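Below is one structure, written out as structure tokens; comments come after it.
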Amino acid sequence: MAEVAERIEPSAFQARVLATPEQYDVALTGGRGGGKTFALLLLILRHVEMHGINARVLVVRKNFPDLRDFEAEARYLFGTAYGSALSYNAQQHIFRFPNQATVQLDQLESQADFIKFQGKSFSLIAVEEAGQYPDPRPLDLLRSSLRSKANVPCRLILSANPGGSGHAWMNQRHVAGQSPWLPYIEPKSGRTFVTAPSTLHDNPHLGADYGAQIKAATASDAELQKAWLHGDWNIARGAFFGQVFDTARNVIAPWAKLPDDPDWEFFVAGDHGSAAPAVFYLCARSMGAQDNDGRFYPADSIVLFDEIAFVEKDTLNQGLGMTVPDMASLVIAACHQWVMTPAGCMDDACFSNHGSDAGTLAQEYRRAGLRIDKADKGERLAGWQKMRRMMADAGLPDKPGLYISERCGYWLRTVPYLDRSQNRPEDLDTTAADHGADACRYALTYQRPMFTRRKTGVM
């Protein structure tokens, strides 16, 4: 390495990241300004220096414009280390080092972009702002390009702030239940990861006013402020529902059986999917009634008391590709276990004929024994506003609220974290895992006569 023009001292956080054994993958998590990007650059620089010609590094982000700041920091650090011996092709976005190592910057927006990496080999792959990916599948595919020569340890590094559209899967895989700095096996890949969190207080190079700037930028969103200032992932952020959802207010303990009070109506609400997840909720609508524990629910309150989610484990946004009859049979079985009629509502799109010999999806579900009507979902934005209002009103003695059983794991892992659409702030980001939210919305807007629980027998 050439003599440096100035000395670069890593922060204590960055030094700890560098001390993490190279055979472990790393998830750089935490708040804004914690020094994650520079830590990533230091890891790359060390990899280049250690492995020389066998070091092939790829850094991806969702689009090229967002890579500009990273590119600028990379040119500064690498240029400081290697001076004129470093070359950079701005058109190809490739750094070439005097020891013949390369670092390539590129775009990966969706699975379709993966084709340009197929067949290529990289010894280290880094994903900047992994939390901006609502679906981790493109990143899971990218792992197949991790191959190296001469026994160079292959490594994946993810960098993410809490609160993005990928908050749910990042939190599930790399934050919830994990102890910082301790190795763990990430189930989807089977790889050993270390989660390395940081906050702005871990970065001595920031100006004193940076925290004040974050507070000003998030003045209207207390949940996002916690995420950015303190690196708090254990929040119901998702700018859309963050201010109305409260675990203590909206989440209830699982019911052992359906309430005996006759002033309840029971039905199914579902969002169909095959390649995408299909999600069904068993729902109860109160007419001003108590559950078996004596808790009172004002009239028109909705309880999602059970969930059947057809989703690939550890992805949240990928379906199982099951057929309608197979999914219907499992939903019907769940209804029978609860002693309720297998009937309710689904998305209006299920009633459109797309030229299939089997007819509409609704006809397929009905033939399989699941009686469904149109959700009468109305205007999408009005449905979201109703959902927000019922979340906020949960627990009030005289207003209908929305209550979610702890059985509804997919709902709890996705809906509270859904972000706003960048182009339509009054709507959800439709690229995120919004399938549970959609099924819930149909339950709230369904106006057809309900199907009461059968006291005996099975229909």
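Any read-out appearing in this document is the output of simple, stated calculations on the displayed coordinates, not a laboratory observation. Since the structure is predicted, the reported quantities are computational estimates derived from the model, not experimental observations. Please note: Cβ atoms are built from the backbone with ideal geometry, for glycine as well, and neighbour counts cover all protein chains shown.
Taking label points 7 Å from Cα along the Cα-to-Cβ direction, Ser84 and Gln100 give a separation of 2.4 nm.
Hey, can you rank 23-29, 430-436 by average C-beta count inside 10 Å, highest first? Provide the component values of the computation, followed by the final result.
On the way: 23-29: 21.3, 430-436: 23.1.
Most protected by this proxy first, the peptides run 430-436, 23-29.
Within straight-line reach of Lys215, meaning a Cα separation under 23 Å, sit the following lysines at least 8 residues removed in sequence or on another chain: Lys36, Lys226. Here the calculated FRET efficiency for Asp209 and Gln447, from their Cβ-Cβ distance with R0 = 45 Å, stands at 0.30, rounded to the nearest 0.05.
Scoring 93-101, 413-421, 120-128 by mean Cβ neighbours within 10 Å over their residues and listing the highest first yields 413-421, 120-128, 93-101. Annotation: aspartates and glutamates with alpha-carbon distance below 19 angstrom to Lys188 (same-chain offsets under eight excluded): Asp25, Asp135, Asp140, Glu312, Asp314.
The phi-based Karplus calculation (6.51 cos²θ - 1.76 cosθ + 1.60; θ = phi - 60°) puts the 3J(HN,Hα) values of region 96-106 at 10, 9, x, 8, 6, 5, 10, 10, 10, 9, 8 Hz, whole numbers, x for Gly and Pro.
Using C-alpha pairs below 8 Å separated by at least 6 residues, the relative contact order for region 1-84 is 52 percent. Database remark: amide H of Gln318 closer than 5 angstrom to the amide H of Glu312 (H placed geometrically; neighbours at sequence offset of 5 or more, or on other chains; Pro and chain starts carry no H). For Thr195, the residues whose amide H sits under 5 Å from its own are Ala27, Trp181, Leu182, ignoring neighbours fewer than 5 places away on the same chain, with H placed 1.01 Å from N.
The calculated 222 nm mean residue ellipticity attributable to helices in the chain amounts to -8000 deg cm²/dmol, summing -39500 (n - 2.57) over DSSP H runs of n ≥ 4 and dividing by all residues. Label separation (His336 vs Lys399): 4.2 nm, computed from points 7 Å beyond Cα along the C-beta direction. Amide H to amide H, with H built 1.01 Å from N, Leu428 comes under 5 Å of Ser421, counting only residues 5 or more places away or on other chains. Taking a ≥ b ≥ c as the square roots of the eigenvalues of the alpha carbon gyration tensor, region 247-445 is oblate, as a/c is not under 1.5 and a/b does not beat b/c.
Membrane-span-like helices in the chain (whole DSSP H runs, Cα extent of at least 18 Å along the helix axis, mean Kyte-Doolittle hydropathy of at least 0.0): 36-51, 324-338.
Between Gln23 and Gln91, the simple label model (points 7 Å from Cα in the Cβ direction) yields a spacing of 4.4 nm. Here Lys374 is the anchor, and the aspartates and glutamates within straight C-alpha reach of less than 13 Å, apart from those fewer than 8 places off in the same chain, are Asp271, Asp347, Asp348. A value for Rg and Dmax of the Cα atoms in Å was derived from the coordinates, and within the list (1) 25.2, 84; (2) 22.4, 73; (3) 38.1, 161 it appears as (1). Just to be sure I understand: of the beta bridges DSSP finds with both ends in the chain, what percent are antiparallel, rounded to 5? That works out to approximately 45 percent antiparallel.
The calculated FRET efficiency for the pair His201 and Glu406, based on their C-beta separation and a Förster distance of 30 Å, comes to about 0.30.
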